[in-house]
1. With springs only between Cα atoms under 10 Å apart, run a GNM on the chain and tell me which of N161, N152, N70 wobbles the most.
2. Quick one: among S138, S182, S172, which has the greatest mean-square fluctuation in a GNM of the chain with alpha-carbon springs under 10 angstrom?
3. Give the lysines reachable from K157 as a straight Cα distance under 17 Å; neighbours fewer than 8 places away on the same chain don't count.
4. Enter the angle in degrees (range 0 to 90, nearest 10) between the Cα long axis of helix 151-171 and the first principal axis of the Cα atoms of the chain, meaning the one along which they spread out most.
5. How high is the FRET efficiency between K247 and E192 when r is their beta carbon distance and R₀ equals 25 Å, given to the nearest 0.05?
6. Report, by chain and number, residues whose modeled amide H sits under 5 Å from the one on V54, excluding near sequence neighbours (fewer than 5 apart, same chain).
7. How large is the dipole of region 7-240 about the Cα centre if only Lys and Arg carry +1 and Asp and Glu carry -1, each at its Cβ, rounded to the nearest 20 debye?
8. Given the options N111, P124, M101, identify the residue whose Cα lies farthest towards the positive end of the charge dipole of the chain (+1 on Cβ of Lys, Arg; -1 on Cβ of Asp, Glu).
Amino acid sequence: MSFKNKIVIVTGASSGIGASAAIMFSKEGAHVVMVGRNETKLSAVAAKCSSPLVIRADVANDDDARRIINETINKFGQIDVLVNNAGMSIKNDGILGNDMMTAYDAIVNVNLRAIVHLTVLAAPYLVKTKGNIVNISSVAGIMAPFSPGMLNYCVSKAGLNHFTVCAAVELSPHGVRVNTISPGPVRTDILETVKSPLTWDSFLPLTLLNRISEPEEVADLILYIASDRAKSITGSNYVTDNGMLIKRT
Ligand SMILES: NC(=O)c1ccc[n+]([C@@H]2O[C@H](COP(=O)([O-])OP(=O)(O)OC[C@H]3O[C@@H](n4cnc5c(N)ncnc54)[C@H](O)[C@@H]3O)[C@@H](O)[C@H]2O)c1
């Protein structure tokens with residue numbers, strides 16, 4: 001799967017799935033644009049990529065989003081792949097709590113609105129290269145919540161799934177593909193970041209295969225969907241969840 005001389009933007013590239021994807025794209029010859037907020041973590045990942053463009057930015061900030069696309073175009077003149085991977089959740093007490101709307105706004109801003117915005121900004125350039133977009137959703141966008149306080153995260157990812165379908169319809173006449181990948185549990189920093197009381201091992205019995213994925217497994221799928229080998233695939237949602245969705249209790 002060669003990405004030689006392709007320009008690939010990966011958001012949330014400082015850790016987990018995004019870091020793995022950035023490293024793999026770079027190994028396959030891409031010029032990777034690594035977007036993230038944590039400078040120390042970004043530098044550590046950048047050291048494993050060959051001359052990446054590192055952009056410190058908050059994808060939910062409109063000026064930062066414009067800067068991501070402008071800096072990419074200024075340096076490379078084109079965009080071939082946009083991987084909308086940055087995502088998060090915030091602990092909250094749900095509908096009957098008093099922090100629901102604050103959490104809703106913050107989560108939807110990052111997990112959905114920022115992706116819509118980056119798509120709008122990148123689309124004219126993707127049309128020129130007949131490029132594609134890979135959005136990282138979650139099984140949480142398909143299944144009922146499996147722990148309290150997940151409502152906003154689930155809704156943001158469900159919205160992202162349908163945005164992918166709509167964007168694929170709108171951009172397909174221009175030769176641009178748009179797809180989603182929905183991972184189940186993947187061993188990354190996300191539990192720590194969202195201050196979740198859950199451990200990765202607590203997810204084991206929720207999967208048919210009794211295992212948690214590693215970030216590289218999702219990155220593999222990202223590269224496949226972004227490659228020319230997947231030229232017939234658009235508007236699809238690829239689940240990689242160790243059988244979590246079809247597990248009966
Ligand atoms: N790990 C899992 O079990 C799992 C399961 C399903 C889906 N996902 C999704 O995978 C994606 C990657 O998550 P991960 O598991 O690698 O977690 P992670 O916490 O290791 O990585 C998330 C990355 O997104 C970045 N990010 C978050 N908000 C941002 C913002 N506003 N601007 C810029 N960067 C921002 C973080 O800094 C981090 O680099 C997310 O969209 C997440 O929802 C993860």
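1. Of N161, N152, N70, the most mobile in the Gaussian network model is N70.
2. In the Gaussian network model the winner is S172.
3. Within the straight-line limit of under 17 Å, K157 reaches these lysines: K91.
4. That works out to roughly 30 degrees.
5. On the way: r = 25 Å, r/R0 = 1.00.
Step by step, r from the Cβ atoms, then E = 0.50.
6. Correct list: M34.
7. On the way: 19 positive and 20 negative charges, 89 e Å.
Computed about the Cα centre, the dipole is about 420 debye.
8. Looking along the dipole axis, the top candidate is P124.
Bear in mind that the values in this text are calculations on the coordinates, not laboratory data. Keep in mind the model is a prediction, meaning the values are calculated, not measured. Neighbour counts run over all protein chains shown; Cβ positions are idealised from the backbone, glycine included.
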